[in-house]
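Beneath this line is the structure, given in C-alpha cells, with notes to follow.
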C-alpha cells in the first residue's frame, strides 16, 4: 500500500531527514508533505479538500470536472481547492493536465503539546 504522510515539522527537520537519506543512499520510506505548524496544515486541508482527497485516493488521474462530479460540488470551487492542494504538494498534475493522488492511504502525523 502506498501511503502519503502529512506531518507538522520544521523546514530544518524535513531537510535533515532528506539529507540523512541521501547521505546513506537509502530511499525515503513514504511520500511526505511537511507543514510548519498544525494551523497551516488545517488551513490547507479544509473539510472540502479532504473530500477531494478521499474522492481521488487510489483512482488514478482525474479531470477537475470529474473530481467536482465525484464530490457533488461546483467546478469553479473545486478548481480553487485543487490548485491549493497542488500548491501544497499534496496532489500532482499529469502532462495531460489531469490531477492525480497516486496513493492508497493518507497518514497525518503531528503532536499537540501543552502550552508552557
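Before moving on, here are some points about what is shown:
- Applying a threshold of 8 Å to beta carbon distances and a minimum spacing of six or more residues, or different chains, the list of pairs starting in the range 62-74 at a residue that is farther than 15 Å from residue 49 by Cβ and ending at one that is modelled with pLDDT of 95 or more and in a helix (DSSP H, G or I) reads 65/75.
- Any chance residue 81 is farther than 25 Å from residue 1 by Cα and surrounded by 14 or more Cβ atoms within 10 Å (Cβ to Cβ): yes
- Complete set of residues in the range 75-101 that are over 19 Å from residue 42 (Cβ atoms) and touching a residue at least 40 places away in the same chain (Cβ under 8 Å): 99, 100
The values are calculated or read from the model by the stated rules, or taken from the named source; none is laboratory data. Because the structure is predicted, anything quoted here is derived from the model rather than measured. Quick reminder, even Gly has a Cβ in these numbers, built from the backbone with ideal geometry, and neighbours come from all protein chains shown.
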